[in-house]
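K.L.:
Below is one structure. I have some questions about it.
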Amino acid sequence: MRLVLLGPPGAGKGTQAALLASRYQIPAISTGDIFRANVRGGTELGKQAQEYMNAGALVPDEVTNAMVRDRLAQDDAAHGFLLDGYPRNPDQAVELESMLVELGVTLDAALEITADFDVVTERLLGRAQIEGRADDTEPVIRKRLEVYATSTAPLTDYYSGRGLLLQVDGLGAIDEVTERIVAALEAR
Ligand code: B4P
């Protein structure tokens, strides 16, 4: 199974990615998690990413694409993967296509978790109380949603045009959303 997960910040991508990865025995590759681990570790990549993340902006494509290219070439991704948070704009989607051609594989689906902006803002503000992520403040959440609307939302049409899009409602309990996703994947 080779999947990309789409959806606004707070729709539940990271949450569902972990559950799906364990169900389908494939690695969940979260560009956000990889950046955060590098920020914590004080690496050069972390230094490059931190200012963009804290501002709610996308990390530059050349940095992100190179990181994903390396990650997809690792052995554990040979038999499937779930990309969480990548691609995030049409240029990254084109770049992903060329990586997959080089690897000789194709995507099975692009799964979009939908949720309206009021709901996701509430969730992210709730997470801020627990995890204290630097980008979960109200002004940065607003910026992330703007970036989503302008840069990432066009991927819905991009993947729909390729016959790969599956849309699932992200409202409701976490396990209900997982059930909807599994049903959508199995009905393909
Ligand atoms: P990400 O780490 O991808 O963060 P995110 O979009 O906010 O989603 P996340 O996965 O964390 O949250 P989720 O919806 O699961 O990106 C962070 C930053 O990294 C970006 O702003 C950017 O700077 C950079 N970046 C990442 N990828 C990039 C790329 N490709 N190119 C350039 N830059 C990139 O969950 C949110 C909350 O909702 C959680 O608290 C969860 O518990 C809760 N929740 C989930 N499902 C729920 C449900 N059904 N009901 C109630 N709550 C729920």
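K.L.:
Compute the length gained on full extension between K143 and A18: take 0.36 nm times their separation in residues and subtract their Cα-Cα distance, giving the result in nm to one decimal.
P.N.:
Residue separation times 0.36 nm, minus the Cα-Cα distance, leaves 42.4 nm.
K.L.:
Find how much the distance from E102 to T150 grows on full extension, using 0.36 nm per residue of separation minus their present alpha carbon separation; answer in nm with one decimal.
P.N.:
So the extension gain works out to 14.4 nm.
K.L.:
Suppose we take every Cα in the range 1-158 and form the convex hull; what volume per residue is that in Å³? Before the final figure, lay out the partial values.
P.N.:
Values: hull volume 17.5 nm³, N = 158.
Dividing the Cα hull volume of the range 1-158 by its residues yields 111 Å³.
K.L.:
Here's another thing I want to ask about it. Leaving ligands, DNA and RNA out of it, report the carbon-plus-sulfur percent of the accessible area of the chain at a 1.4 Å probe.
P.N.:
On the way: 4650 of 9250 Å².
With neighbouring chains kept in place, the figure for the chain is 50 percent.
K.L.:
Take the alpha-carbon centre of the range 1-20, take the same for the range 140-188, and report the distance between them in whole Å.
P.N.:
Going from one Cα centre to the other spans 8 Å.
K.L.:
Still on this structure: Can you work out the accessible area per residue across the chain, with the rest of the protein chains kept in place, probe 1.4 Å, in square angstrom?
P.N.:
Normalised by residue count, the accessible surface of the chain is 49 Å².
K.L.:
What FRET efficiency comes out for I174 versus T43 if R0 is 45 angstrom and r is the Cβ-Cβ distance? Round to the nearest 0.05.
P.N.:
Taking R0 as 45 Å, the efficiency between I174 and T43 is 0.90.
K.L.:
Mind telling me which of I174, I113, I26 comes out most flexible in a GNM of the chain, alpha-carbon contacts under 10 Å?
P.N.:
Of the options given, I174 has the highest mean-square fluctuation.
K.L.:
Now for a separate question. Calculate, for Q25 and R162, the FRET efficiency according to 1/(1 + (r/R0)^6) with r their C-beta to C-beta distance and R0 30 Å; round to the nearest 0.05.
P.N.:
Here the calculated transfer efficiency is 0.70.
K.L.:
Using a simple spin-label model with points 7 Å from Cα along the Cα→Cβ vector, what separation in nm is obtained for Y52 and L125?
P.N.:
So the two model labels end up 2.8 nm from each other.
K.L.:
Work out how much length R133 to D116 would gain on full extension: take 0.36 nm times their residue separation and subtract the Cα-Cα distance, in nm to one decimal.
P.N.:
Length gained, R133 through D116: 4.0 nm.
K.L.:
Moving on. With label points built 7 Å along Cα→Cβ from the Cα atoms of A73 and A183, find their separation and express it in nm.
P.N.:
Each label point lies 7 Å from its Cα, and together they span 4.2 nm.
K.L.:
If I take every Cα pair under 8 Å that is 6 or more residues apart in the range 1-136, average their sequence separation and divide by the length, what percent do I get for the relative contact order?
P.N.:
Once divided by the residue count of the range 1-136, the mean separation gives 43 percent.
The values are calculated or read from the model by the stated rules, or taken from the named source; none is laboratory data. The structure presented is a predicted model; accordingly, all values stated were derived computationally and were not measured. Reconstructed Cβ throughout: ideal geometry from the backbone, glycine too, with neighbour counts over all protein chains shown. Just the protein is used for accessible areas: all its heavy atoms, side chains included, with ligands, DNA and RNA removed. Shrake-Rupley method; radii C 1.70, N 1.55, O 1.52, S 1.80 Å.
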